[in-house]
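Data block below; observations after.
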Amino acid sequence: MAREIGIRDVAGGRVHMVGIGGSSMSGLAKMLLEKGYTVTGSDRDDSYHARDAASAGAEVWIGHRAEQVHGADLVVYTAAIPKDNPERTEAERLGIPSMERAELLGQMMLGCDPCIAVCGAHGKTTTTAMLAQILMACKKDPSIHIGERLEALGSSVRVGHSGMFLAEACEFNRSFLHMHPTMAVVLNIDADHLDCYRDIDEIEETFGQFLDLLPADGVAVGKGTDPRIMRLFAKPGRKCVTFGLTDACDWHPAGYAEDDAGYARFTAVFRGEAMGEVSLKVPGAFNVENALAALAAAHEAGCDPRTAAEAVSDFRGAHRRFEKTGELNGAEMFHDYGHNPAEMRNALSIARKRCKGRLVAVMQPHTFSRVKALFDDYVVCTGIADTTIVTDICAAREKDPGDINSRMLVDGMRANGIDAHLTPSFDDAEAWLREHLHPGDLAITMGCGDINRLNDQIEKHERERASN
């Protein structure tokens, strides 16, 4: 039986990470390396995250084999790694202590103050990245853990020396309950991850448990127009600050205007006082809310509000968030991490404003359980696009139950008047796009699986064609 142990108990030792190609895991690997640990890791497939960890100094193997944990002082695994994984099984047999990724992240936060955790069904990465850029501009020297790469960092992580820690806090598998926040930023509460929650009410209850982790002098920052958040904020004795698009919220925009591409300008107002002028370089009203959340949290962390407004105005987006990846046939190619219907609607709303011709949504549905739970939303969420093509479902951590597939989604979309087509593989999707895209069109791939590899594949083929 593996013994209980903490990351500080193996200081300077070897940590083996099963699933090191995950965005959070690769970031944690780099943080451990900077703190003097030896890091090894494995993943099922090669990926840029795995390569990123390797370039930082980790020894990375593709494929899971029992002998790879030999000599490790601690094994860390992601929630997607099953108990019968050969490396987890071998670690158990040898008595090597193990912990899940979220537990490691929580332990990395211990003793940090302030410790800012950003949670919500949508917008976590963007808001955390915005706040990271603000904190650095305000010389706060924070440690940072974000789900994706931020150009201002040149990475997804940063090891600071001020005692301040900023991190995304994900509700999947209740992982955020391992954290130790002194400030909690709650962006929204929505139905997602219904493979590990009974329903939206249980999700709300769990967000309440997360807020209960705050110390007596902690602060909660949340969307003031989300009724579920406001119910949780009504708990007596809790310091709460709200943000939103209406002036009933503590932080809200005044003089709000958008250009034709959806980029907003506004004055950030806090309880009647103008705090700074903001001109966003990421489009969409939802990004205005994200920016207000970041400004509110930064203010509570002692940042100068006008410096914060300038910093968030310079923010140009995180990797895989409405990111232009290239062109095909004169059409623009974008990718967005949005993987549930609400996020896909948001991505398509800003793509629609930018698109001069036809808008093509390329959907990679993510997990069988999510598609089943949100099926009725999936089959209408791309209605704003002119055409939708759908790849096979990305199984991720799940096994195919045999009762849901992408053909059913396409049939459901067509029944709702959507011009939908099944393109099971990335090769099928690329062939369809090559045949149908024209100058002025815009195609956006959407999903949190590996659909971004389709964009990489297309760019690779375009470079090869150009060189021939």
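Of everything in region 247-280 that is free of Cβ contacts under 8 Å to residues at least 24 places away in the same chain and under 21 Å from Ala184 (Cα atoms), the residue that is surrounded by the fewest Cβ atoms within 10 Å (Cβ to Cβ) is Arg271.
In a residue-by-residue description of region 342-358, the property of being in a strand (DSSP E or B) and out of contact with any Leu (no Cβ under 6 Å at 6 or more places or on another chain) applies to no position.
Residues that are touching a residue at least 60 places away in the same chain (Cβ under 8 Å), of a type in the set (S, T, N, Q) and farther than 19 Å from Ala443 by Cα within region 305-337 comprise just one, Thr307. The set of residues in region 417-450 being loosely packed, with under 14 Cβ neighbours inside 10 Å and at positive phi consists of Gly417, Gly440. Could you look through region 387-403, keep only residues that are among the aliphatic types (A, V, I, L, M) and surrounded by fewer than 18 Cβ atoms within 10 Å (Cβ to Cβ), and pick out the one that is farthest from the chain's Cα centre (by Cα)? Per the criteria, the residue is Ala395.
Would it be correct to say that Leu211 is closer than 24 Å to His339 by Cβ, free of Cβ contacts under 8 Å to residues at least 40 places away in the same chain and touching a helix residue (DSSP H, G or I) at 6+ places or on another chain (Cβ under 7 Å)?
no
All conditions but one from (1) surrounded by fewer than 23 Cβ atoms within 10 Å (Cβ to Cβ); (2) over 17 Å from Leu110 (Cα atoms); (3) of a type outside the set (S, T, N, Q); (4) modelled with pLDDT of 90 or more apply to Leu187; the one that does not is (1). Filtered by the rule that a residue be closer than 27 Å to Arg93 by Cα and either among the aliphatic types (A, V, I, L, M) or touching a Ser or Thr at 6+ places or on another chain (Cβ under 9 Å) (or both), region 54-69 gives Ala58, Glu59, Val60, Trp61, Ile62, Gly63, His64, Arg65, Ala66, Gln68, Val69. Would you point out which residue out of Thr307, Thr325 is surrounded by fewer than 21 Cβ atoms within 10 Å (Cβ to Cβ), at pLDDT below 95, hydroxyl-bearing (Ser, Thr, Tyr) and under 26 Å from the mean Cα position of the chain (by Cα)? Answer to the selection: Thr325. Criterion first (over 27 Å from Gly123 (Cβ atoms) and modelled with pLDDT of 90 or more) does Asn416 satisfy it? For Asn416, the condition - over 27 Å from Gly123 (Cβ atoms) and modelled with pLDDT of 90 or more - is not met. Taking (1) at pLDDT 90 or above; (2) not assigned by TED's automatic domain parsing to the domain that holds Glu90 in turn, Ser26 satisfies each apart from (2).
The values are calculated or read from the model by the stated rules, or taken from the named source; none is laboratory data. A quick note: this is a predicted structure, and the numbers were derived from the prediction, not measured. Heads up, the Cβs are rebuilt from the backbone with ideal geometry, glycines too, and the neighbour counts pull from every protein chain shown.
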